[in-house]
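Written out below as structure tokens is the structure these notes cover.
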Amino acid sequence: AKHRGGGAWQWFSHAMDEGMQLQVEMRAFIHDAINQQQFELFYQPIINQKEEIVAVEALIRWQHPQRGFISPAEFIPLAERSGQIIAISDWVLERACGDRARLKELGIPTISVNFSPIQFYRDDFIDKIKAAVENFAIKPGEIVIEITENVLVRDSEQIQWQLEQLQELGFSIAIDDFGTGFASLRYLGTLPVNILKIDRSFVQNIDHNQRNAAIARGVLAMTSELGIKAVAEGVETDAEHEYLRKHDCALMQGFKFCKPQPLDKLADWVKEQKK
Ligand code: C2E
Ligand code: CA
Ligand code: CA
Ligand code: CA
């Protein structure tokens, strides 16, 4: 039977409320998910003004044999609390690097990977990323590290140092969901940031929501002044696309262009685009 996300979420939050025993069970459950290959990595294109694909964002999917599809928006926060996010993230990084060769063959220059704040709080974090790209002979310049502003809330000097290290190695840093987190604008002046991803909540109805339009235009002006890239997330309609295009938003992502897809389907989509 196919369960909707809501059911799975209730089950998970119930597990978290019930305390240790069920948390231990959930641990085993996610462990199984990794070992039994219940996770998949989907890819969503990021496109430029010519509608050429310039990157893909890797997005995890969990298809549980009994409980059906469980959304990452549900299990990632719980995995962060249980510590399992480290094992999941290791799997994501490994798979993303493993898929990199095929993505390259498709002419896709970079791959954007979501990172959890929890990963940054581990001492072996940078070594792990370095090892992953070296194993697969990937240039760091082909990888974008997506973090949310919330990464910066804790121990920001340590985080800043790590981000500088990563950038020095050649990785790009993207701030995800820009505008929705707890950090202040001040960090943009000091942190090594290459890309801002304008959160979908500001992109929605941008063609007739004047507040959203003002915020998005402000972010676009600011990124252009700072010499960093902006990506509009969650572009769904022609009108949103057209508005953003007219206001010189160079990079966009959203269902309007392509939904997140398994690699095979993405390959079909890319070939179709090239026709
Ligand atoms: P996110 O990083 O902000 O990812 C973008 C989300 O927006 C994805 O949801 C994507 O499917 C969805 N999206 C893209 N275009 C559109 C659109 O036009 N309209 C709408 N309504 N949605 C759109 P998804 O895949 O369910 O992921 C949810 C969140 O889970 C992600 O938000 C991210 O925070 C987290 N996540 C997903 N994969 C990973 C992962 O591998 N590692 C970590 N740490 N977090 C992940
Ligand atoms: Ca993201
Ligand atoms: Ca986002
Ligand atoms: Ca998000």
Worksheet entry | Of all residues making up the stretch 254-275, the number that are more than 13 Å from residue 237 (Cα to Cα) and either in a strand (DSSP E or B) or in contact with a Gly (Cβ under 9 Å, 6 or more places away or on another chain) (or both) | 3
Practice prompt. Answer yes if at least one residue in the stretch 166-189 is more than 16 Å from ligand 4 (Cβ to nearest atom), β-branched (Val, Ile, Thr), within 15 Å of residue 231 (Cα to Cα) and under 21 Å from the mean Cα position of the chain (by Cα), and no otherwise.
Written response: yes
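Please go through the stretch 248-264 and pick out each residue that is more than 14 Å from residue 198 (Cα to Cα) and over 19 Å from the mean Cα position of the chain (by Cα). Talk me through it step by step, then tell me what you get.
Quick first cut of the stretch 248-264, residues more than 14 Å from residue 198 (Cα to Cα) only: 255-264.
264 - this is the single residue of the stretch 248-264 that is more than 14 Å from residue 198 (Cα to Cα) and over 19 Å from the mean Cα position of the chain (by Cα).
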Fill in: Residue satisfying condition, being part of a helix (DSSP H, G or I) and β-branched (Val, Ile, Thr), within set 129, 138
129
Worksheet entry | Residue identified as aromatic (Phe, Trp, Tyr) and at pLDDT below 85 among 12, 75, 115 | 12
Practice prompt. Specify the residue that is least open to solvent (accessible area, probe 1.4 Å); the eligible residues are those in the stretch 236-253 that are of a type in the set (Asp, Glu) and assigned to a loop (DSSP other than H, G, I, E, B).
Written response: 236
Discussion item. If I go through the stretch 112-126 residue by residue, how many of them are over 20 Å from residue 190 (Cβ atoms) and in a helix (DSSP H, G or I)?
Written reply: 3
Fill in: Near pairs, Cβ below 7 angstrom, 6+ apart or cross-chain, from the stretch 117-139 (of a type in the set (D, E, K, R)) to any residue that is open to solvent by 30 Å² or more (accessible area, probe 1.4 Å) and in a helix (DSSP H, G or I)
130/169
Practice prompt. Please go through the stretch 115-145 and pick out each residue that is surrounded by fewer than 20 Cβ atoms within 10 Å (Cβ to Cβ) and within 16 Å of ligand 3 (Cβ to nearest atom).
Written response: 117
Discussion item. Contact list please: Cβ distance under 9 Å, first residue in the stretch 257-269 and touching a residue at least 24 places away in the same chain (Cβ under 8 Å), second residue of a type in the set (Gly, Ala, Ser) and outside any helix (DSSP H, G or I), pairs at least six apart or on different chains.
Written reply: 260/58
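The values are calculated or read from the model by the stated rules, or taken from the named source; none is laboratory data. What you are looking at is a predicted structure, and each value in this text was computed from that prediction instead of being measured. Note: ideal-geometry Cβ built from the backbone for every residue, glycine included; neighbour counts use all protein chains shown. Quick note on the areas: whole protein, heavy atoms, side chains included, nothing else; ligands and nucleic acids left out. Shrake-Rupley method; radii C 1.70, N 1.55, O 1.52, S 1.80 Å.
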